[in-house]
Amino acid sequence: MPRINVQQGELAHWLQFVSEGGEAGAPQDQMPAHVVEGLLILLCVQRTDEGRLILTDKGRLALRMESPGALHLG
């Protein structure tokens, strides 16, 4: 299995960046390559035909779990 080499909080930061791209997606060339690779491996994002990144259901769930109001944090 490939190793995902990211710092704590880095994936959440970039998931938020992708989510801000909305349905059009976020430009992957504005993200570190190792983060793009990690998010693709974790199936949190997928590439569009235009080469942009959009959140998957798993990515949206990961963002909800990182939010301050998440049930598992309360």
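A few points about this structure:
- The set of residues in the range 22-48 being assigned to a helix (DSSP H, G or I), surrounded by 14 or more Cβ atoms within 10 Å (Cβ to Cβ) and not hydrophobic (A, V, I, L, M, F, W, C) consists of Gln28, Glu37, Gly38.
- Number of residues in the range 1-21 that are of a type in the set (Val, Ile, Thr) and not in a helix (DSSP H, G or I): the value is 2.
- Positions within the range 10-21 being among the polar types (S, T, N, Q) and surrounded by 15 or more Cβ atoms within 10 Å (Cβ to Cβ), in sequence order: Ser19
- Taking residues in the range 1-25 that are under 16 Å from Leu55 (Cβ atoms), and partners anywhere that are open to solvent by 100 Å² or more (accessible area, probe 1.4 Å) and modelled with pLDDT under 90, the pairs with Cβ atoms closer than 7 Å and at least 6 places apart or on different chains are Ala12/Glu66.
The values are calculated or read from the model by the stated rules, or taken from the named source; none is laboratory data. Everything numeric in this text was worked out from a predicted model, so none of it was measured. Here the Cβ is made from the backbone with ideal geometry for all residues, glycine too, and neighbour counts use every protein chain on show. What goes into the accessible areas is simple: the full protein's heavy atoms, side chains included, and nothing from ligands, DNA or RNA. Shrake-Rupley method; radii C 1.70, N 1.55, O 1.52, S 1.80 Å.
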